[in-house]
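J.: Pasting a structure here, questions to come.
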Amino acid sequence: MAALVGWQASELSRLENGKLRPDLSVVMDILDALEVIGGQREILISMARDANQRGWWKAMVGPMFERYRQIAEIEAGATDIRQITLLYVPGLLQTEDYARSRLSHYPGFTEPGTLNTAIHGRLTRQKLLDNEETRYSVIMDEGVLHRRTCAPTTLAEQFRHLVKIGQRSNIQIRILPFAAEIYERTTITSGFTLFRYASPEDPQVTFVETSTVDLILSDSEDMARYEAMHQEISTQALDAEESRTLLEEAVDRFHGKGSS
């Protein structure tokens, strides 16, 4: 293998033992040598992206954190993230109290220590939005602003946070209104996220979260299908200013309900 990729045997041994982080070109050389093709190749390239900037999630040990580590790997290095969510505020925009309310009901997170680790992981993921070169946009169903998914005070704080963070130049929050014209041609059945990366060599990725498993898609046909669904929903969503008005109304609506 070392000869095939043009490395010294000692260097390859350090890589295999986790003592050396590979850059993307090295990963691609190894995949070429092993004749790895198709979707598996694209996923492995995606996971190797910006490896030197990753690592905080390695401390999240245990099967209950496997999905956390997976999404953190995909998010790392992304320059454009476009998301559609139907039921809840997305993790990248959640306040600590909202995240605690959501995660406390997840299987495996009932122990305080595990729950706190999960919350810390979610809040740490949000730091990627501090980089203004990372563009993030989300379209949320208007029902998110009306459903009582946790305590009213927590919801009021969460929507207030969305109003504030939505003013950042690299973040756009839009609402899909109840009055949107969603016809039978729109085949969306769950939320999803589209990822793009700076390097043209990196594959685009679609992440589909379900209750039990997460799907990572990079096949060109799958990507085209989800791009089309995103475009369909985007044409029906309110603009950022109209959406901000609905968010402010949601703050007032839940703030007035207090803790009842």
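J.: How many residues does segment 128-141 contain that are surrounded by fewer than 18 Cβ atoms within 10 Å (Cβ to Cβ) and closer than 15 Å to Glu242 by Cβ?
T.: Adding up the residues that qualify gives 0.
So that you can scan it fast, the table gives a plain yes or no per residue for (1) surrounded by 17 or more Cβ atoms within 10 Å (Cβ to Cβ); (2) at pLDDT 95 or above; (3) not in a loop (DSSP other than H, G, I, E, B):
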| position | (1), (2), (3) |
| --- | --- |
| Arg174 | yes, yes, yes |
| Glu181 | no, no, no |
| Glu184 | no, no, no |
| Ser190 | no, no, no |
| Asp202 | yes, no, no |
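J.: For residues that are open to solvent by 30 Å² or more (accessible area, probe 1.4 Å) and touching a residue at least 60 places away in the same chain (Cβ under 8 Å), tally how many sit in segment 227-239.
T.: The first filter runs over segment 227-239 and keeps only residues open to solvent by 30 Å² or more (accessible area, probe 1.4 Å), leaving 227-228, 231-232, 235-236, 238-239.
Of the ones still in play, those that are also touching a residue at least 60 places away in the same chain (Cβ under 8 Å) are 236, 238-239.
Residues that pass the stated criteria total 3.
J.: I'm trying to understand the selection: among the residues of segment 84-120, which are open to solvent by 10 Å² or more (accessible area, probe 1.4 Å), among the aromatic types (Phe, Trp, Tyr) and out of contact with any strand residue (DSSP E or B) (no Cβ under 9 Å at 6 or more places or on another chain)?
T.: Listed by number, the list holds a single entry, Tyr106.
J.: Can you tell me which of Asp80, Asp50, Asp29 is at pLDDT 80 or above and among the charged types (D, E, K, R)? Walk me through how you get there before you give the answer.
T.: Values: Asp50 fails: at pLDDT 80 or above; Asp29 fails: at pLDDT 80 or above.
Of the residues listed, the single one that is at pLDDT 80 or above and among the charged types (D, E, K, R) is Asp80.
J.: Name the single residue that is surrounded by the most Cβ atoms within 10 Å (Cβ to Cβ) among those in segment 142-169 being over 24 Å from Thr79 (Cα atoms) and among the aliphatic types (A, V, I, L, M). Explain how you work it out, then say what you get.
T.: Initially, segment 142-169 is screened for residues over 24 Å from Thr79 (Cα atoms), giving 142-160.
Right, trim to among the aliphatic types (A, V, I, L, M) and you get 144-145, 151, 155-156.
Values: Val144: 22, Leu145: 20, Ala151: 17, Leu155: 27, Ala156: 19.
Filtering segment 142-169 for residues that are over 24 Å from Thr79 (Cα atoms) and among the aliphatic types (A, V, I, L, M), the one surrounded by the most Cβ atoms within 10 Å (Cβ to Cβ) comes out as Leu155.
J.: Within segment 208-225, is even one residue crowded, with 19+ Cβ neighbours inside 10 Å, closer than 15 Å to Tyr136 by Cβ and of a type outside the set (Lys, Arg)?
T.: No; the residues of segment 208-225 include none that is crowded, with 19+ Cβ neighbours inside 10 Å, closer than 15 Å to Tyr136 by Cβ and of a type outside the set (Lys, Arg).
J.: May I ask you to say which residue of Glu248, Glu242 is touching a residue at least 40 places away in the same chain (Cβ under 8 Å), open to solvent by 80 Å² or more (accessible area, probe 1.4 Å) and out of contact with any strand residue (DSSP E or B) (no Cβ under 7 Å at 6 or more places or on another chain)?
T.: Details: Glu248 fails: open to solvent by 80 Å² or more (accessible area, probe 1.4 Å).
Result: Glu242 is the single residue among Glu248, Glu242 that is touching a residue at least 40 places away in the same chain (Cβ under 8 Å), open to solvent by 80 Å² or more (accessible area, probe 1.4 Å) and out of contact with any strand residue (DSSP E or B) (no Cβ under 7 Å at 6 or more places or on another chain).
J.: Something else about it: Open to solvent by 90 Å² or more (accessible area, probe 1.4 Å), under 14 Å from Leu145 (Cβ atoms) and either out of contact with any Cys (no Cβ under 8 Å at 6 or more places or on another chain) or not in a strand (DSSP E or B) (or both): is that true of Lys257 in this structure? Break it down stepwise before answering.
T.: Numbers: open to solvent by 90 Å² or more (accessible area, probe 1.4 Å): yes; under 14 Å from Leu145 (Cβ atoms): yes; either out of contact with any Cys (no Cβ under 8 Å at 6 or more places or on another chain) or not in a strand (DSSP E or B) (or both): yes.
The answer is yes for Lys257.
The values are calculated or read from the model by the stated rules, or taken from the named source; none is laboratory data. Computed from a predicted model, the values in this text were never measured in an experiment. Every residue, glycine as well, gets a Cβ built from its backbone with ideal geometry; the counts of neighbours run over all protein chains shown. Just so you know, the surface numbers come from the protein's heavy atoms only, side chains and all, with ligands and any DNA or RNA stripped out. Shrake-Rupley method; radii C 1.70, N 1.55, O 1.52, S 1.80 Å.
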